[in-house]
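The values are calculated or read from the model by the stated rules, or taken from the named source; none is laboratory data. Here the structure is a predicted model, which means the values were calculated and not measured. Quick reminder, even Gly has a Cβ in these numbers, built from the backbone with ideal geometry, and neighbours come from all protein chains shown.
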Amino acid sequence: MIKAVNNIFFYQTIIGKIGIAENRGNITNLFFQDEQIPRNNIILETDVLKEAGRQLQDYFAGKLRKFDLPLAPAGTEFMQRVWENLLTIPYGETRSYGEVAQCAGNKKAARAVGLACNRNPIPIFIPCHRVIGASGRLTGYRGGLEIKSQLLALEAVSANQNN
């Protein structure tokens, strides 16, 4: 099977260089600085990538709370339900894996929610960083716990300034 070729462009942010990929006008992936980038991407800043980069910078500046981008993450039906649910978690708030599992239709699927978060191809835009352990502890994040902590702190500060 030949994997689709995506356009990708890189943006310098407060958490390091981030690569954003799109295919046919839809955002398909976000890559953190130290992640392996698939070779089948073409470095090209399309209009949708330019807009995604602008929104990402506004998010990091505390000016944007909700992204408005065409997202097309690839995953199983359950993963798609989890990711849709993550998009409903308000800016500056968190949910436990169990709470997300319940909203996704299976209250006993907290571990599966964790896997879906780990496999989220578009972190930040699909805010899996807002999912934490039942005890309130930060748990795994594809970009690392330091970045997860930074994202949550950024949202907490910005949410408090605007309330």
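Listed values, structure above:
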item: Test result for S135, within 17 Å of the chain's Cα centre (by Cα) and either closer than 18 Å to E35 by Cα or exposed (fewer than 15 other Cβ atoms within 10 Å of the Cβ) (or both); result: no
item: Selection status of Y97, among the hydroxyl-bearing types (S, T, Y), in contact (Cβ under 8 Å) with a residue 12 or more places away in the chain and buried (at least 20 other Cβ atoms within 10 Å of the Cβ); result: yes
item: The listed residue being polar (S, T, N, Q), under 15 Å from the mean Cα position of the chain (by Cα), surrounded by fewer than 19 Cβ atoms within 10 Å (Cβ to Cβ) and at pLDDT below 95, out of Q102, Q57, Q80; result: Q80
item: Hits in the stretch 7-40 (condition: surrounded by fewer than 19 Cβ atoms within 10 Å (Cβ to Cβ) and more than 25 Å from L154 (Cβ to Cβ)); result: N23, R24, G25, N26, Q36, P38, R39, N40
item: Residue tally, condition among the hydrophobic types (A, V, I, L, M, F, W, C) and without any contact (Cβ under 8 Å) to a residue 60 or more places away in the chain, over the stretch 19-55; result: 9
item: Top-ranked residue of the stretch 105-122 - restricted to ones that are assigned to a helix (DSSP H, G or I) and of a type in the set (G, A, S), ranked as surrounded by the most Cβ atoms within 10 Å (Cβ to Cβ); result: A116
